[in-house]
Amino acid sequence: MVALNFVQPEDDLVARRDYTRHMQIIRFLAKDVPVALHAGELWLGLVPPQDLTFHIRQAIEIGGARRIGHGVALAFERDMEGLLAEMQARPVAVEINLTSNDVILNVRGKDHPLPAYLAAGVPVVISTDDAGVSRIDLTNEYFRAARDYGLDYRTLKAIAGNALIHSFLDEGQKRSELDRFDRASAEFERSVTSRQSRLQNAMTLIKAALVPRR
(Lines give C-alpha, C1' and ligand atoms only; values in the text may rest on other atoms or scores of the structure.)
Protein backbone atom coordinates (compact mmCIF):
# COMPACT_ATOMS: atom_id res chain seq x y z
CA MET A 1 0.00 0.00 0.00
CA VAL A 2 1.50 3.30 -1.11
CA ALA A 3 -0.87 5.75 0.59
CA LEU A 4 -4.45 6.41 1.64
CA ASN A 5 -6.61 9.06 -0.03
CA PHE A 6 -10.15 9.36 1.32
CA VAL A 7 -12.44 11.24 -1.10
CA GLN A 8 -16.02 12.36 -0.55
CA PRO A 9 -17.92 15.55 -1.47
CA GLU A 10 -17.40 17.72 1.60
CA ASP A 11 -20.79 19.36 1.23
CA ASP A 12 -22.55 16.00 1.59
CA LEU A 13 -24.70 15.80 4.74
CA VAL A 14 -22.84 12.81 6.18
CA ALA A 15 -19.43 14.28 5.36
CA ARG A 16 -20.38 17.52 7.11
CA ARG A 17 -21.97 15.89 10.14
CA ASP A 18 -19.22 13.34 10.75
CA TYR A 19 -16.12 15.11 9.42
CA THR A 20 -14.19 15.04 12.69
CA ARG A 21 -15.08 11.38 13.24
CA HIS A 22 -13.94 10.52 9.73
CA MET A 23 -10.57 12.17 10.40
CA GLN A 24 -10.22 10.11 13.60
CA ILE A 25 -10.96 6.92 11.67
CA ILE A 26 -8.32 7.79 9.07
CA ARG A 27 -5.75 8.45 11.79
CA PHE A 28 -6.48 5.02 13.28
CA LEU A 29 -6.34 3.18 9.95
CA ALA A 30 -3.29 4.91 8.51
CA LYS A 31 -0.79 4.89 11.37
CA ASP A 32 2.04 3.70 9.12
CA VAL A 33 0.73 4.79 5.70
CA PRO A 34 1.10 8.26 4.13
CA VAL A 35 -2.22 10.11 3.90
CA ALA A 36 -3.48 12.53 1.22
CA LEU A 37 -6.91 14.09 1.71
CA HIS A 38 -9.29 16.33 -0.15
CA ALA A 39 -10.02 19.17 2.28
CA GLY A 40 -11.40 22.66 1.92
CA GLU A 41 -13.01 22.04 -1.47
CA LEU A 42 -15.80 24.33 -0.29
CA TRP A 43 -16.99 27.89 -0.74
CA LEU A 44 -19.60 30.36 0.47
CA GLY A 45 -23.16 29.30 -0.31
CA LEU A 46 -22.27 25.62 -0.64
CA VAL A 47 -22.29 24.84 3.08
CA PRO A 48 -23.13 26.74 6.28
CA PRO A 49 -20.30 29.18 7.16
CA GLN A 50 -19.24 27.11 10.18
CA ASP A 51 -18.29 24.20 7.91
CA LEU A 52 -15.71 26.37 6.15
CA THR A 53 -13.64 26.92 9.28
CA PHE A 54 -11.91 23.65 10.18
CA HIS A 55 -11.71 21.02 7.41
CA ILE A 56 -8.14 21.72 6.28
CA ARG A 57 -6.78 21.93 9.81
CA GLN A 58 -8.50 18.74 10.96
CA ALA A 59 -7.34 16.85 7.85
CA ILE A 60 -3.77 17.72 8.86
CA GLU A 61 -3.87 17.64 12.66
CA ILE A 62 -6.31 14.76 13.16
CA GLY A 63 -6.24 12.84 9.88
CA GLY A 64 -2.47 13.20 9.52
CA ALA A 65 -2.58 14.33 5.88
CA ARG A 66 0.78 15.03 4.26
CA ARG A 67 -0.89 16.35 1.09
CA ILE A 68 -4.08 18.40 0.90
CA GLY A 69 -6.21 18.38 -2.25
CA HIS A 70 -7.73 21.78 -3.13
CA GLY A 71 -7.58 23.72 0.16
CA VAL A 72 -9.76 26.40 -1.44
CA ALA A 73 -11.53 27.45 1.78
CA LEU A 74 -8.26 28.55 3.36
CA ALA A 75 -9.38 32.13 4.05
CA PHE A 76 -12.28 30.89 6.20
CA GLU A 77 -10.17 28.60 8.41
CA ARG A 78 -9.75 29.63 12.04
CA ASP A 79 -6.29 31.17 12.48
CA MET A 80 -5.41 31.04 8.80
CA GLU A 81 -1.91 32.42 9.35
CA GLY A 82 -1.21 29.79 12.01
CA LEU A 83 -2.44 27.07 9.69
CA LEU A 84 -0.21 28.29 6.86
CA ALA A 85 2.78 28.36 9.20
CA GLU A 86 2.02 24.81 10.29
CA MET A 87 1.72 23.59 6.69
CA GLN A 88 5.03 25.23 5.84
CA ALA A 89 6.80 23.78 8.87
CA ARG A 90 5.61 20.15 8.75
CA PRO A 91 5.63 20.40 5.64
CA VAL A 92 2.20 19.65 4.11
CA ALA A 93 1.86 20.07 0.34
CA VAL A 94 -1.29 21.50 -1.22
CA GLU A 95 -2.54 20.31 -4.62
CA ILE A 96 -3.87 23.29 -6.59
CA ASN A 97 -6.64 22.61 -9.14
CA LEU A 98 -7.35 25.92 -10.87
CA THR A 99 -9.77 24.81 -13.58
CA SER A 100 -11.67 22.44 -11.30
CA ASN A 101 -12.06 25.13 -8.64
CA ASP A 102 -13.28 27.59 -11.26
CA VAL A 103 -15.81 25.20 -12.83
CA ILE A 104 -17.10 23.48 -9.68
CA LEU A 105 -16.80 26.19 -7.01
CA ASN A 106 -16.75 29.31 -9.19
CA VAL A 107 -13.53 30.37 -7.46
CA ARG A 108 -10.86 32.01 -9.59
CA GLY A 109 -8.53 34.98 -9.83
CA LYS A 110 -8.08 36.99 -6.63
CA ASP A 111 -10.47 34.73 -4.72
CA HIS A 112 -8.24 31.69 -5.12
CA PRO A 113 -5.74 30.99 -2.29
CA LEU A 114 -2.82 30.01 -4.55
CA PRO A 115 -0.94 33.31 -3.94
CA ALA A 116 -1.44 32.95 -0.18
CA TYR A 117 0.03 29.44 -0.15
CA LEU A 118 3.02 30.55 -2.23
CA ALA A 119 3.65 33.64 -0.10
CA ALA A 120 3.60 31.52 3.06
CA GLY A 121 6.13 29.05 1.67
CA VAL A 122 3.70 26.14 1.69
CA PRO A 123 4.79 23.48 -0.85
CA VAL A 124 2.47 23.84 -3.86
CA VAL A 125 1.88 21.31 -6.61
CA ILE A 126 -0.32 21.73 -9.68
CA SER A 127 -3.01 19.15 -10.41
CA THR A 128 -5.80 18.65 -12.94
CA ASP A 129 -8.16 17.10 -10.35
CA ASP A 130 -10.07 15.14 -12.99
CA ALA A 131 -8.73 15.75 -16.48
CA GLY A 132 -11.46 13.65 -18.11
CA VAL A 133 -14.25 15.72 -16.57
CA SER A 134 -12.63 19.11 -17.11
CA ARG A 135 -11.27 18.22 -20.59
CA ILE A 136 -7.85 19.62 -19.72
CA ASP A 137 -4.32 18.38 -19.11
CA LEU A 138 -1.50 19.36 -16.78
CA THR A 139 0.03 21.71 -19.36
CA ASN A 140 -3.23 23.67 -19.35
CA GLU A 141 -3.02 24.08 -15.58
CA TYR A 142 0.59 25.27 -15.64
CA PHE A 143 -0.31 27.73 -18.40
CA ARG A 144 -3.26 28.97 -16.38
CA ALA A 145 -1.10 29.43 -13.27
CA ALA A 146 1.42 31.46 -15.27
CA ARG A 147 -1.23 33.52 -17.06
CA ASP A 148 -3.56 34.24 -14.13
CA TYR A 149 -0.99 34.66 -11.36
CA GLY A 150 2.13 35.79 -13.20
CA LEU A 151 4.22 32.85 -12.02
CA ASP A 152 7.70 32.93 -13.52
CA TYR A 153 9.86 30.04 -14.69
CA ARG A 154 11.65 29.74 -11.36
CA THR A 155 8.36 29.34 -9.48
CA LEU A 156 6.89 26.91 -11.99
CA LYS A 157 10.07 24.82 -11.86
CA ALA A 158 9.88 24.70 -8.06
CA ILE A 159 6.23 23.63 -8.25
CA ALA A 160 7.10 20.85 -10.69
CA GLY A 161 9.89 19.72 -8.37
CA ASN A 162 7.48 19.70 -5.42
CA ALA A 163 5.39 17.09 -7.19
CA LEU A 164 8.34 14.71 -6.74
CA ILE A 165 9.68 15.97 -3.42
CA HIS A 166 6.28 15.51 -1.77
CA SER A 167 5.33 12.34 -3.60
CA PHE A 168 4.98 9.01 -1.80
CA LEU A 169 7.74 7.31 -3.76
CA ASP A 170 10.32 5.51 -1.67
CA GLU A 171 13.53 7.46 -1.13
CA GLY A 172 15.49 5.62 -3.83
CA GLN A 173 12.82 6.16 -6.48
CA LYS A 174 12.36 9.76 -5.42
CA ARG A 175 16.06 10.56 -5.70
CA SER A 176 16.21 8.90 -9.11
CA GLU A 177 13.23 10.87 -10.40
CA LEU A 178 14.54 14.13 -8.97
CA ASP A 179 17.88 13.56 -10.70
CA ARG A 180 16.03 12.90 -13.95
CA PHE A 181 14.00 16.07 -13.43
CA ASP A 182 17.18 18.10 -12.84
CA ARG A 183 18.77 16.73 -16.02
CA ALA A 184 15.68 17.45 -18.10
CA SER A 185 15.43 20.97 -16.66
CA ALA A 186 19.09 21.67 -17.39
CA GLU A 187 18.71 20.42 -20.97
CA PHE A 188 15.67 22.63 -21.49
CA GLU A 189 17.45 25.66 -20.05
CA ARG A 190 20.45 25.08 -22.30
CA SER A 191 18.20 24.85 -25.35
CA VAL A 192 16.61 28.17 -24.44
CA THR A 193 19.84 29.99 -23.69
CA SER A 194 21.37 28.83 -26.98
CA ARG A 195 18.77 30.97 -28.76
CA GLN A 196 19.27 34.07 -26.60
CA SER A 197 21.73 36.97 -26.53
CA ARG A 198 24.61 37.06 -24.05
CA LEU A 199 22.74 39.54 -21.86
CA GLN A 200 19.65 37.33 -21.85
CA ASN A 201 21.83 34.32 -21.02
CA ALA A 202 23.40 36.14 -18.10
CA MET A 203 20.00 37.03 -16.69
CA THR A 204 18.82 33.45 -17.10
CA LEU A 205 21.88 32.09 -15.29
CA ILE A 206 21.38 34.55 -12.42
CA LYS A 207 17.76 33.50 -12.03
CA ALA A 208 18.68 29.82 -12.17
CA ALA A 209 21.30 30.35 -9.45
CA LEU A 210 18.61 31.76 -7.18
CA VAL A 211 16.49 28.58 -7.33
CA PRO A 212 16.60 27.01 -3.81
CA ARG A 213 18.74 23.89 -3.55
CA ARG A 214 17.08 20.69 -2.34
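The values are calculated or read from the model by the stated rules, or taken from the named source; none is laboratory data. In this text, all values refer to a predicted model and were calculated from it rather than measured experimentally. Every residue, glycine as well, gets a Cβ built from its backbone with ideal geometry; the counts of neighbours run over all protein chains shown. Protein only, heavy atoms only, side chains kept; ligands, DNA and RNA dropped before computing areas. Shrake-Rupley method; radii C 1.70, N 1.55, O 1.52, S 1.80 Å.
General observations
- Annotation: amide H-H contacts under 5 Å for Ala39 (H modelled 1.01 Å from N, sequence separation of 5 or more, or interchain): Gly69, Gly71.
- Average Cα contact separation per residue, the chain, under 8 Å, 6 or more apart, as relative contact order %: 14
- Ordering Pro34, Ile104, Pro49 by Cα displacement along the dipole of the range 1-150 toward the positive end leaves Pro34 in first place; charges were set at the Cβ atoms of Lys, Arg (+1) and Asp, Glu (-1).
- Point-charge dipole on Cβ atoms (K/R +1, D/E -1) for the range 139-181, about Cα centre, debye to 20: 140
- Apportionment of accessible area to carbon and sulfur, the chain, percent (1.4 Å): 55
- Seen from every direction in turn and averaged, the convex hull around the alpha carbons of the range 109-201 projects onto 8.0 nm².
- Scalar couplings 3J(HN,Hα) for the range 167-177, obtained by applying the Karplus form with A = 6.51, B = -1.76, C = 1.60 to θ = phi - 60°, are 7, 9, 5, 6, 4, x, 5, 4, 4, 4, 5 Hz; x denotes Gly and Pro.
- Legend: calculated FRET efficiency, Ala75 to Glu171, from the Cβ-Cβ distance at R0 = 30 Å, rounded to 0.05, equals 0.25.
- Fully extending the segment from Ala202 to Phe28, taken as 0.36 nm per residue of separation minus the present Cα-Cα distance, adds 57.3 nm.
- Basic side chains Lys and Arg get +1 at the Cβ, acidic Asp and Glu get -1 at the Cβ, and with that the dipole of the range 3-133 about its Cα centre reaches some 320 debye.
- The range 112-175-the range 1-15 distance, computed between alpha-carbon centres (Å): 21
- Rounded to whole Hz, the Karplus (6.51, -1.76, 1.60) HN-Hα couplings of the range 61-66, x for glycine and proline: 7, 9, x, x, 5, 9
- Semi-axis lengths (Å, descending) of the ellipsoid that matches the C-alpha gyration tensor of the chain: 33, 20, 15
- Converting the Cα gyration tensor eigenvalues of the range 82-155 into ellipsoid dimensions via √(5λ) gives semi-axes, longest first, of 21, 13, 12 Å.
- Extension gain (nm, one decimal) between Asp111 and Asp179, 0.36 nm per residue minus Cα-Cα: 20.9 nm
- Coupling constants for the range 92-97 follow from the phi torsions by the Karplus curve (6.51 cos²θ - 1.76 cosθ + 1.60, θ = phi - 60°), and in residue order they are 10, 7, 10, 8, 9, 10 Hz; glycine and proline get x.
- Between Pro113, Asn5, Asn162, the Cα set farthest toward the positive side of the dipole of the chain (charges on each charged residue's Cβ, about the Cα centre) is that of Asn162.
- Magnitude of the charge dipole, the range 101-186, Cβ model with Lys/Arg +1 and Asp/Glu -1, debye to 20: 260
- Helix-only mean residue ellipticity at 222 nm for the chain, each DSSP H run of n ≥ 4 adding -39500 (n - 2.57), per residue, nearest 500: -14500 deg cm²/dmol
- Heavy-atom surface of the range 58-116, accessible at 1.4 Å and reported per residue (Å²): 40
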